[in-house]
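The values are calculated or read from the model by the stated rules, or taken from the named source; none is laboratory data. The shown structure was predicted, so the numbers you read here are calculated from the model rather than taken from an experiment. Cβ sites come from the backbone with ideal geometry, for glycine too, and all protein chains shown count toward neighbours. Just the protein is used for accessible areas: all its heavy atoms, side chains included, with ligands, DNA and RNA removed. Shrake-Rupley method; radii C 1.70, N 1.55, O 1.52, S 1.80 Å.
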Number of protein chains: 2
Amino acid sequence: MTGRLLRPRLGVVGGLGPLATADFYRKTIDAVPAENDADHISMAILSVPQIPDRSAAIREGSDRPLPWLLEAVEMLNSLNVEIIAIACNTAHHWYDALSAGSRAEIVHIADAAIDELHRRYKGNRAAVMATRGTLRSGFYQKRLEEAGFTCRNPAAPTFQNAVDDAIRQVKLGNLEQAKDACASAFARCRDEGLEAVILACTELPVAAEDVVPEGMLVVDASRALALTCVQRLRNPDRMRNTA
Amino acid sequence: MTGRLLRPRLGVVGGLGPLATADFYRKTIDAVPAENDADHISMAILSVPQIPDRSAAIREGSDRPLPWLLEAVEMLNSLNVEIIAIACNTAHHWYDALSAGSRAEIVHIADAAIDELHRRYKGNRAAVMATRGTLRSGFYQKRLEEAGFTCRNPAAPTFQNAVDDAIRQVKLGNLEQAKDACASAFARCRDEGLEAVILACTELPVAAEDVVPEGMLVVDASRALALTCVQRLRNPDRMRNTA
């Protein structure tokens, strides 16, 4: 239904996992310099943890999560949202199909993250901490190249194992173990002289915040997406990304 | 629209304010002993901070927020949710009208909080930290009496001033100031020999957690509501409150 009084402006496909979406929601709130409740962005958040595993599907060459994601996008469009954020990097593997099925613009999380990297970092190499599915999909590597960067992850298998473990521990709610795993992944980046890292899985910021090594430039893709969405809605002339 | 694959089971009327809803969302996640994403409850959260000030309306004898709240409940019903939580104590002033307009049961936050108080506390007096609107409405006092308790707030005006300030500071995102104000309200309770307190405004748990005086029994109404909703959805035979 379309509200007469209520209109959720930002639609969120979330729950993948739920803690990551709670973190994203919090970041959309922090992005608004509010003096009262009404200054905040109105939102509709679908938290649907039952959507099949995105990373596993990509690795198996399956589109199993796509009908679920399409339905979530359709549901948010039925509420008449202006723009949509998908609080899961891996799900962006299906971005083109989801965008084609949506009246509301879907803001791409990798574009938001890479815009921020571009503003903050003068070097040209960045590591991408992500699920194996996101890396297999290749959309971060492609977009980084288009923006003049090279994606370069530590070669040591301990790096991706630590990233996988951090993501899994956040999903289990084990934040201490997740922090340890994040710290280990950051250490591998430092070992290989990488000084810029994109947290390209929405679970990772939940654990990474306190364990970033000094001097390392970390782009939190969730935060970048939250900021981009809030800026577009507060500055309607910037509704379309002209980059 | 009604999903074929997706069905948000818990609907949340939120954004009143947004930080309070983010806290409530987090509590629904913490309430599930999940081993993977799919164990979590599917939800649709409407975060609509534009709903007019509930406490002011009650104090002025106005029903200004009611059409907005009715529309939020209608929107969640259109998504086919099973139960609805309103992440705002004060809005429960309009509970009867909202319930009458809803196919999905609306779980009453005061019932959830008082059930928990009943389980944990052998005394018979409890303080209610709430907006002036909630206190004026009187639904907590009435429900406490029905459960055999007396609502007894500190008489010193500094108590309610501190509660008001804590709520306002959370809405402004000033968590340190909010904690100080909460600590001051708890101290007034202790001064008057009150040993059980209900945090009956969803902003308060965001600030109160670290400043609860030792030995004070504090019922977090947001957490109680989150637990009750999750338990009902995980144990469908308890879908209706038989208390």
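Observations on the structure shown:
- Qualifying positions in segment A:36-56 - open to solvent by 10 Å² or more (accessible area, probe 1.4 Å) and at the interface with another protein chain (Cβ under 7 Å from one of its Cβ atoms): A:Asn36, A:Asp37, A:Ala38, A:His40, A:Gln50
- Failed item in (1) buried (at least 24 other Cβ atoms within 10 Å of the Cβ); (2) at pLDDT below 95, with B:Met1 passing the rest: (1)
- Applying the criterion of being open to solvent by 20 Å² or more (accessible area, probe 1.4 Å) and aliphatic (A, V, I, L, M) to the residues of segment B:154-181, the residue that is nearest to B:Arg120 (Cα to Cα) is B:Ala155.
- Residues (more than 20 Å from B:Leu16 (Cβ to Cβ) and open to solvent by less than 20 Å² (accessible area, probe 1.4 Å)) located in segment B:130-146: B:Leu144
- Filter result (open to solvent by less than 30 Å² (accessible area, probe 1.4 Å), touching an Asp or Glu at 6+ places or on another chain (Cβ under 9 Å) and over 23 Å from B:His40 (Cβ atoms)) within segment A:17-35: A:Val32
- Top-ranked residue in segment B:182-200 [being open to solvent by 10 Å² or more (accessible area, probe 1.4 Å) and part of a helix (DSSP H, G or I); ranked as nearest to B:Thr21 (Cα to Cα)]: B:Ala183
- Residues in segment B:211-233 that are open to solvent by 30 Å² or more (accessible area, probe 1.4 Å), touching a Cys at 6+ places or on another chain (Cβ under 9 Å) and not in a loop (DSSP other than H, G, I, E, B): B:Val211 only.
- Residue in segment A:9-19 that is within 8 Å of chain B (Cβ to nearest Cβ) and part of a helix (DSSP H, G or I) present: yes
- Taking first residues from segment A:191-205 that are closer than 25 Å to A:Gly15 by Cβ and partners that are open to solvent by less than 50 Å² (accessible area, probe 1.4 Å) and assigned to a loop (DSSP other than H, G, I, E, B), the Cβ contacts under 6 Å between residues at least 6 apart in sequence or on separate chains come to A:Ala200/A:Asn89; A:Ala200/A:Ala130; A:Cys201/A:Asn89; A:Cys201/A:Ala130; A:Cys201/A:Thr131; A:Thr202/A:Ala87; A:Thr202/A:Cys88.
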